[in-house]
Every structure is written in C-alpha cells, then in structure tokens.
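Here the structure is laid out as structure tokens; the discussion comes afterwards.
We did not get these values from a lab; they are worked out from the coordinates using the rules stated. Just so it is clear, the model here is predicted, and its values are computed rather than measured. Here the Cβ positions follow ideal geometry from the backbone for every residue, glycine too, while neighbour counts run over all protein chains shown.
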Amino acid sequence: MGTLHLGVLGSGAGSNMQSIVDAIAAGTLDAEVSLVLADWPDAKILDRAARHNIPHRYLDCAPFKTKLEGEAEDACIRLLKEAGVDTVVLAGFMRIVKPKLLAAFPNRVLNIHPALLPAFPGVHSWTQALDYGCKVAGVTVHFVDAGTDSGPIIVQKAVPVLEDDTPETLHARIQVQEHLAYPEALRILAKGNYRLEGRRVRILP
C-alpha cells in the first residue's frame, strides 16, 4: 500500500493521535498526518497538532450536535481531499459520520472504541463493562460503516477487569491499549496485507 496520508478527526485531548504521531516518529508506522480537524474550537487535539506542525483547523458542525452532516460534512470532505488524505482516522470524534463521508473514503475510515465489540457499543463502554460484571474489557479498532460501532474489526486488545477497578482505573488501562492498537491497525493498512471479506478482516502473511 505504501505511505498512508491520514486525516484525523477529533473532539478531545488527542491522545490517540499522539500515539500515531509517536509511531511515525519512531519509524514503526509508514504514514504522515496530513490534516487534523476538530469540532470544538478549544479541543486539545488542535494544540497537539500545532506542536507537531501538523495542519489543523476547527470544523464548525452547527446546527448539528451529534452528527457530521450537511455543509460541515461537505467542508470536511473537501478539506480532507485538498490535503491529499487517503485514510480517515476518528480519534475521539464524538459525532456520527454519515454515508457521504464514507462514500468519499470507501473502506478507509477507521474508528477506535474502548470495548471488545460487538459488546458495549456507544458511550462510556468501560462503565457498561463494569456494571455488567465483565471479567475482561478491551479496545477495538474497526472500519466505520453506516451503523454505530458496527464495522468490520481490524484489531482488538483485551484488558482484564480487576476486582477493585473503578470506571476511572479501568478506562486508564484501556487507554494504554488504545495507544498500541491504533498504530497496529494502521500498520496493517500501510502494508496492505489484509483482505476484507464481508464482516471479516483477514490478515494475510
């Protein structure tokens, strides 16, 4: 496949983007972050991008509060295309992406979710896992489809649930695995050693 040209969409601190930037700097991921877009003007992910001299900007998604649609979606696609992006990385992006963006980057939009999907889609999944009494939680990197946290799975990592875990302690350990899982999934895309067969992402030798 060769070097990935990544467009990162985020809403928060950008720690997953940082793990990708670190992997690139370490020479373990053949990629570059071409553009960072955030749906909050004061999102810390924009500060991280600035520190690494990565092009970045605020994307006004009004009037929608929970989805990327309409003029904002059109602007997002245009900005990503203008930046030469070939792979879109959702890194804590707290909006539902719609079919128009997915069609612009077919099978090239990735998301990371702090649970072992298909268990516990949606928000606060680590709390859901604790409340359910799970012995194992984890993280999933997957292709994005039209559903919610429902696309084909690329990488999963398990995190044991400890007897004295709180939502905060479990979430912290899940985040450690997130920062390993996203670069790992992107390495698979960069190498091109996978085949998408329906819901299954088959990793090839």
Review point. Around VAL139, with a cut-off of 11 angstrom between Cβ atoms, what is the net charge of the other residues, counting Lys and Arg +1 and Asp and Glu -1?
Key: 0
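Nearest-5 percent of antiparallel DSSP beta bridges in the chain?
Values: 15 of 36 bridges.
The antiparallel proportion sits near 40 percent.
I need GLU178, GLU69, GLU82 ordered by Cβ neighbour count within 10 Å, fewest first.
Details: GLU178 24, GLU69 19, GLU82 11.
Going from least to most buried by this count: GLU82, GLU69, GLU178.
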Revision key, fill the gap. What the Cα atoms of the stretch 1-110 span along the principal axes, largest first and in whole Å, is 40, 31, 20
Check your understanding: To the nearest 0.05, how large is the calculated FRET efficiency for ALA103 and ASP164 if R₀ is 41 Å and r is the Cβ-Cβ distance?
Key -> 0.30
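Which FRET efficiency value, to the nearest 0.05, do you get for ILE203 and LYS44 by plugging their Cβ-Cβ distance into 1/(1 + (r/R0)^6) with R0 = 25 Å?
On the way: r = 33 Å, r/R0 = 1.32.
After rounding to 0.05, the efficiency reads 0.15.
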Study note, to complete from the structure: Longest principal axis of the chain (C-alpha) makes with the long axis of helix 167-191 (C-alpha) an angle, in degrees to the nearest 10, of 50
Review point. Placing +1 at every Lys and Arg Cβ and -1 at every Asp and Glu Cβ, with all other atoms neutral, what dipole size does the stretch 4-203 have around its Cα centre, in debye to the nearest 20?
Key: 560
Revision key, fill the gap. Short to long, in 10 Å steps from zero, the percent of alpha-carbon pairs of the stretch 67-142 per bin is 17, 43, 24, 14, 2
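Stretched out fully, how many nm does the piece from ALA75 to ASP131 gain, at 0.36 nm a residue minus the Cα gap? Numbers along the way, then the final one.
On the way: separation 56, 0.36 × 56 = 20.16 nm, distance 3.98 nm.
Net length gain for the segment: 16.2 nm.
Suppose R0 equals 25 Å. What FRET efficiency, 1/(1 + (r/R0)^6) with r the Cβ-Cβ distance, do ALA25 and MET1 give to the nearest 0.05? Can you show the working numbers first?
Values: r = 20 Å, r/R0 = 0.80.
Plugging the Cβ-Cβ distance into 1/(1 + (r/R0)^6) gives 0.80.
Past 22 Å, Cα to Cα, is the threshold; run LYS157/LYS191; LYS44/LYS65; LYS98/LYS191; LYS44/LYS98; LYS65/LYS100 against it and keep the listed order.
Numbers: LYS157/LYS191 20 Å; LYS44/LYS65 19 Å; LYS98/LYS191 27 Å; LYS44/LYS98 24 Å; LYS65/LYS100 18 Å.
Check vs 22 Å cut-off fails for LYS98/LYS191; LYS44/LYS98.
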Exercise for review: Would you be so kind as to identify which of THR66, ALA25, TYR132 lies farthest towards the positive end of the dipole of the chain, taking Lys and Arg as +1 and Asp and Glu as -1 on Cβ and the Cα centre as origin?
Suggested key: ALA25
